[in-house]
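A short write-up of the structure that comes next.
Read the figures in this text as sums done on the coordinates, not as results from a lab. Everything numeric here is computed off the predicted structure, so don't read it as measured data. Every residue, glycine as well, gets a Cβ built from its backbone with ideal geometry; the counts of neighbours run over all protein chains shown.
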Amino acid sequence: MLLLAVDTATPAVTVALHDGTSVLAEARQVDARRHGELLLPAVDRVLAEAGLKLDAVTDLVVGVGPGPYTGLRVGLVTAATFGSVLGVPVHGLCTLDGLAHASGIEEPFVVATDARRKEVYWARYDDFRTRVGEPAVDRPGDIAEQLSGLPVVGAGALLYPEAFPDARDPEHQSAAALASLAAEKLAEGSPFLPPTPLYLRRPDAQVPKNYKVVTPQ
């Protein structure tokens, strides 16, 4: 097995290679505005570090979000393209599950990432392998009481410390953690999500009000 993992659902553009036993190489750069520019060079770097070519990849895993529309689709389109060219399966995983797995926390906790618009994408976990329920998007103040006393992993905790006072690492997504989780699931024969975007609300970009459509004569 040679698993290539990518995730662009958060400000972290992250790529990793996993051989089914361990992570061979990882690249990550945090930049919320340059997902498309940074992803392919990151893939080249991890392949070069591992001394491998893209055609050696047997499986792809991609973080499906939740995340802002523009960044999220960069990783999904890239994974779909690689999968089609190489003729290998593309597996989807919830981005929040990757952050949870990286935390290694063995007690109940929450993962929260920046959803913009003064909101967070979040989900509850019994431990770093077990999510409770589906991801959601909310204003931190609206969920602070129900999550009181729980550690919170991810950038959302640092952005809103008044709502999430017990912030824990990691702050940003790691494709290495996503790849390790995917390798475990493949070994167990566990199901994956489809490699399609997990959108919890409409895209940030909206058609302006009073927009006039001009029909060619």
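Tabulated data for the structure shown
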item	result
Tensor-based shape of the range 1-96 (alpha-carbon gyration tensor, a/c under 1.5 rounded, otherwise prolate or oblate)	prolate
Residue-averaged 222 nm ellipticity for the chain, from DSSP H runs of 4+ at -39500 (n - 2.57), nearest 500	-9000 deg cm²/dmol
Table column - 3J(HN,Hα) (Hz), the range 19-26, Karplus curve with 6.51, -1.76, 1.60, x for Gly and Pro	9, x, 10, 8, 7, 8, 6, 8
Tensor-based shape of the chain (alpha-carbon gyration tensor, a/c under 1.5 rounded, otherwise prolate or oblate)	oblate
For the range 149-166 and the range 27-88, distance of Cα centres in Å	29 Å
Nonlocal amide H pairs with THR8, under 5 Å, H built at 1.01 Å	GLY63, GLY75
Relative contact order (%) - the chain, alpha-carbon pairs under 8 angstrom, separation at least six	23 percent
Nonlocal amide H pairs with ILE105, under 5 Å, H built at 1.01 Å	PHE128
J(HN,Hα) series, the range 155-165, from Karplus relation 6.51 cos²θ - 1.76 cosθ + 1.60, nearest Hz, glycine and proline x	5, x, 5, 6, 6, 10, x, 5, 8, 10, x
Loop-exposed GluC sites (Glu not before Pro) per DSSP, neighbour cap 12 Cβ within 10 angstrom, longest uninterrupted part of the chain	1-105
Computed lengthening from THR21 to VAL137, 0.36 nm per intervening residue step minus Cα-Cα distance	38.3 nm
